[in-house]
Amino acid sequence: NSRWSLRGMTALVTGGTRGIGHAIVEDLAGFGATVHTCSRNEAELTKCLKEWQSKGFVVTGSVCDVSSPTQREKLIQEVGSIFNGKLNIYVNNVGANFRKPTVEYTAEVYSQLMSINLDSAYHLCQLSHPLLKASGMGSIVFISSYAGLVSLGTGSVYAASKAAINQLTKNLACEWAQDNIRSNCVAPGTTKTPLIEHLLRNKQYVDEMMSRTPLKRIAEAQEVSSLVAFLCLPAASYITGQVIAVDGGLTVNGFQ
Ligand code: NDP
């Protein structure tokens, strides 16, 4: 059933070698998409590409630091030439965080976080727009965070950058609908990935998070990637401009 398949479609997923991005690559490829991904670590990227090849997935990759404007341009040039100028799916997954009280953020760390989380997403959307439009059926999925919806002690810079992504999702949905490009956003809750390994070792943090999470557990990366894949499917063709939390119910829990 073609409504539930990505066969014949092309996808770019940033940061696909670990965590949520890795699960997204596998889900999109599993639904039949041809996927391109990137990360900064060449050895890890090569290892992932080999594993995916042995699983029968069609995945290529580039070494790219998405916080660099010139590397972003190079990445999209590569994607354009590999996919013959047409991209159906762009998943903006890369994100980073340093937790600090607001008064302790230096201007340098502030710009670094904004550059990785917001500037790179904005610029990559601009760069990929012609490719998404040329595909005739484009879909952007941003990965923001529940920290962009409620205050969580993650640090205000990360939270502000993710909230900006939530709004960007809505603006692009309206602006690029005429090009048949949909734009949606998945806001994960606490998810078991290398990014938050250090936090998951902190019993006090985990206990507090669990006490506020109705489902009483942390998400697996696949529980986030399944929504990303759904939003890219033809089955989701009337869904655009939405920010959907995958957070075990945390953001709707008033006080339980
Ligand atoms: P991980 O740190 O586990 O994985 C990040 C991936 O992105 C790796 O493949 C990493 O490879 C790559 N990456 C990181 N920085 C760059 C960069 N500058 N350029 C290119 N690639 C890069 O992160 P998660 O999977 O946990 O997070 C993915 C997204 O989900 C982020 O946007 C994060 O904010 C969001 N999120 C995560 C939550 C969680 O609890 N885990 C909760 C809410 C949101 P390499 O380092 O080798 O470049």
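Can you count the Lys pairs in the chain with C-alpha separation below 20 Å, eight or more apart or on different chains?
12
Give me the one-decimal nm value for the distance between modelled label points at Glu197 and Arg40, 7 Å along each residue's Cα-to-Cβ direction.
1.6
When the accessible area of the chain is computed with all protein chains present and a 1.4 Å probe, what percentage of it is carbon and sulfur?
On the way: 6560 of 12290 Å².
It is 53 percent, rounded to a whole number.
Leaving out ligands and nucleic acids, and using a 1.4 Å probe, what accessible area per residue does the chain come to in Å²? The partial results should precede the final answer.
Working: 12290 Å² over 256 residues.
The answer is 48 Å² per residue.
Once you put a point 7 Å from the Cα of Glu208 and another 7 Å from the Cα of Lys74, both along the Cβ direction, what distance in nm separates them?
4.1
At a 10 angstrom cut-off on C-beta neighbours, averaged per residue, how do the peptides 181-189, 223-231, 81-89, 54-62 rank from highest to lowest? It would help to have the intermediate numbers written out before the result.
On the way: 181-189: 25.3, 223-231: 22.4, 81-89: 18.2, 54-62: 15.2.
Ranking the peptides 181-189, 223-231, 81-89, 54-62 by packing returns 181-189, 223-231, 81-89, 54-62.
5 Å is the cut-off here: which amide hydrogens, built 1.01 Å from N in the peptide plane, fall below it relative to Ile181, excluding neighbours closer than 5 in sequence?
Close amide H contacts, sequence-distant or interchain: Gly138.
Order these peptides, 158-165, 102-109, 12-19, 238-245, by their mean beta-carbon neighbour count within 10 angstrom, highest first.
Details: 158-165: 21.2, 102-109: 9.9, 12-19: 25.0, 238-245: 16.0.
Final packing ranking: 12-19, 158-165, 238-245, 102-109.
Only four residue types carry charge here, +1 at the Cβ of Lys and Arg and -1 at the Cβ of Asp and Glu. Report the dipole size of the chain about the Cα centre in Debye, rounded to the nearest 20. Let's see the in-between values first.
Working: 22 positive and 19 negative charges, 75 e Å.
Roughly 360 debye for the chain.
Could you list, by residue number, the cysteines of the chain that have no other cysteine's beta carbon within less than 4.7 Å of their beta carbon?
Cys48, Cys125, Cys174, Cys185, Cys232
Could you sort the peptides 21-30, 207-216 by per-residue average Cβ neighbour count (10 Å cutoff), highest mean leading?
Working: 21-30: 25.1, 207-216: 14.0.
Result, highest mean Cβ count within 10 Å first: 21-30, 207-216.
Place a +1 charge on the Cβ of each Lys and Arg in the range 85-222 and a -1 charge on the Cβ of each Asp and Glu, then give the dipole magnitude about the Cα centre in debye, rounded to the nearest 20.
Numbers: 13 positive and 9 negative charges, 75 e Å.
Dipole size: approximately 360 debye.
Within the range 184-228, what residues put their amide N at less than 18 Å from the label point 7 Å along the Cα-to-Cβ vector of Lys47?
Answer for the range 184-228: 193-198.
Which whole-percent values make up P(r) of the chain when all C-alpha to C-alpha distances are grouped in 10 Å steps starting at zero?
The percentages, shortest bin first, are 7, 32, 38, 19, 4, 0.
For the chain, take the longest principal axis of its alpha carbons; what is the angle in degrees between that and the long axis of helix 69-82, to the nearest 10 within 0 to 90?
That helix lies at roughly 40 degrees to the long axis.
Can you grab the distance from the C-alpha centre of the range 230-256 to the C-alpha centre of the range 112-185, Å, no decimals?
Using only Cα atoms to place each centre, the spacing works out to 15 Å.
The values are calculated or read from the model by the stated rules, or taken from the named source; none is laboratory data. Bear in mind the structure is a predicted one, so any value in this text is a computation, not a measurement. Cβ sites come from the backbone with ideal geometry, for glycine too, and all protein chains shown count toward neighbours. Note: areas computed on protein heavy atoms with side chains; ligands, DNA, RNA excluded. Shrake-Rupley method; radii C 1.70, N 1.55, O 1.52, S 1.80 Å.
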